[in-house]
Structure formats: structure tokens, C-alpha cells
Amino acid sequence: MKISNKTYDTLKFIALLIIPISAFIGSCAGALGYDATALVTILTALDTLLGAVVKILSDGYTGEDDDDDAE
């Protein structure tokens, strides 16, 4: 699948910065006594999914394949 560089950069920014910061804030809220368990679980799952999508898009863009390393 082809996407624009701007879209890729936005997805990567969200996956690497925005969601982890949100999960950190949610974890701190949980430590302070607020019930943030569901929020942190959803953010972690979303970040995992988005990280996989970014990896797939990155491999498709660069034409890399992990199986090629075993020459």
C-alpha cells in the first residue's frame, strides 16, 4: 500500500511520541489513585497496532524483507 510521506511521518510521530506520552500520563494517574487501567490498556494496544502498521509501511516503501538477511 502506498501512502504519502506526510501521512507516514504523522503515523510514525503518533506511534513514537503521542501515544507513549499519553500512556505515561495514564500510568501516573493510576499511581496517584485514579482508575486509568482501561485507558492505559487501550493506548498500549493502539500503539502496538500502529507500530506494526508503520513497520509494514516502512518495509513496503524501502523494499526490505527480513528474510533477505540470511544469505
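The values are calculated or read from the model by the stated rules, or taken from the named source; none is laboratory data. Computed from a predicted model, the values in this text were never measured in an experiment. Counting neighbours? That spans all protein chains shown, and the Cβs are built from the backbone with ideal geometry, glycine included. For the accessible areas, the whole protein counts, side chains as well, though only heavy atoms, and no ligand, DNA or RNA atoms are used. Shrake-Rupley method; radii C 1.70, N 1.55, O 1.52, S 1.80 Å.
Considering the stretch 35-71, and only residues there that are at pLDDT below 85 and in a loop (DSSP other than H, G, I, E, B), the residue that is least open to solvent (accessible area, probe 1.4 Å) turns out to be GLY63.
Do you know which of the residues in the stretch 2-15 that are in contact (Cβ under 8 Å) with a residue 24 or more places away in the chain and closer than 15 Å to ALA52 by Cα is most open to solvent (accessible area, probe 1.4 Å)? So the residue we want is LYS12. Which condition number in (1) surrounded by 12 or more Cβ atoms within 10 Å (Cβ to Cβ); (2) modelled with pLDDT of 90 or more is the one that LEU32 fails? Going through (1) surrounded by 12 or more Cβ atoms within 10 Å (Cβ to Cβ); (2) modelled with pLDDT of 90 or more one by one, LEU32 breaks only (1).
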